[in-house]
Amino acid sequence: MSVDLDKISQALGELDEQTLMGMIAEFLTTNPTQEEAMEVVKACQDGMVIVGNLFEKSEYYVGDLIFSGEILQAAIEKLKPVLGSGAGQTVGKLLLGTVQGDIHDIGKNIFRSMVEAAGFEVNDIGVDVPAATFIAKIKEWQPDVVGMAGVLTLALEGMKDTVEAIEAAGLRDKVKILVGGTPVTEESCKRIGADGWTTNAAKAVRICKDWRAC
Ligand code: B12
């Protein structure tokens, strides 16, 4: 791979948009594969961890978080043609949203681009989505998979509440549930009552494909 992934993380961590976009533009001239583009996404994700840590230490402020989000969105836009176009046959239907209480959506949007590229039809219901909206959309749209996103620790509760509400509505056996975002772990997945979890969008796509294959 022709690009220095650590430098990508560092540029995003330092909010150095010019350097980051320059490196991405150069990377794109090398005719990269989807896997290589995903490694760049991962490096950007690591850069966001640097941003988060500096925010925790009060060296960065909310304005810096917002700016980091904008830089990452711009980087993902540039990488989108390599991450996938979404063309081709539909392999399944995925309902996707960030759970109630959480407005973070950058990771969700990356996952959406990638799963669309893998042939899924995606109904993205946005951020801060109440359980009742998930339920109404499951009834109306009948997805195969429900993806719940969240990066706040609080989102784990939102996910658990949503799964419980889906169960109470008698819809639990109609859908597979996949949870994703930084705080999600094997243990929290079990507690939430989801069928799968991941903090990696490429792995999430593989899980969705495997579910549709069986
Ligand atoms: C950017 C950012 C913001 C932006 C969000 C912009 C946006 N449109 O999303 C803004 C400025 C709005 C923001 C606001 C806040 N934020 Co903020 N934010 C971040 C930051 C820096 C990056 C998050 C991010 O985008 N990461 C990059 C993406 C690519 O990673 P990801 O989400 O994990 O996604 C990957 C995978 O998880 C997976 N994936 C993601 N979603 C899904 C979904 C499914 C279904 C699947 C299968 C996979 C999947 O695919 C992705 C690619 O591989 C983090 C720091 C960090 N280290 O995470 C803090 C962070 C998450 N924020 C934090 C906080 C505290 C806040 C605020 C409360 C700040 C405030 N005081 O107002 C508010 C929250 C408001 C709310 N109710 O949600 C804390 C959370 C602490 C906690 N433990 O709960 C963090 C960790 C910062 C910190 N270290 O303190 N934030």
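The values are calculated or read from the model by the stated rules, or taken from the named source; none is laboratory data. Predicted, not measured: the structure shown is a model, and the values here were computed from it. Cβ atoms come from the backbone with ideal geometry, glycine included; neighbour counts cover every protein chain shown. With ligands, DNA and RNA removed, areas are computed over all heavy atoms of the protein, side chains included. Shrake-Rupley method; radii C 1.70, N 1.55, O 1.52, S 1.80 Å.
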Within segment 108-134, take every residue that is modelled with pLDDT of 95 or more and small (Gly, Ala, Ser) and give me the one that is nearest to Thr90 (Cα to Cα).
Gly126
Apart from one, (1) more than 30 Å from Glu56 (Cα to Cα); (2) basic (Lys, Arg); (3) at pLDDT below 95 all hold for Lys137; the odd one out is (3)
Inspect all residues belonging to segment 35-46 and state whether any of them is surrounded by fewer than 12 Cβ atoms within 10 Å (Cβ to Cβ) and not β-branched (Val, Ile, Thr).
yes
Positions within segment 1-39 being farther than 15 Å from Lys80 by Cα and of a type in the set (Gly, Ala, Ser), in sequence order
Ser2, Ser9, Ala11, Gly13, Gly22
Select from segment 85-101 the residues that are open to solvent by 30 Å² or more (accessible area, probe 1.4 Å), touching a strand residue (DSSP E or B) at 6+ places or on another chain (Cβ under 9 Å) and modelled with pLDDT of 90 or more and list them in ascending order.
Lys93, Gln100
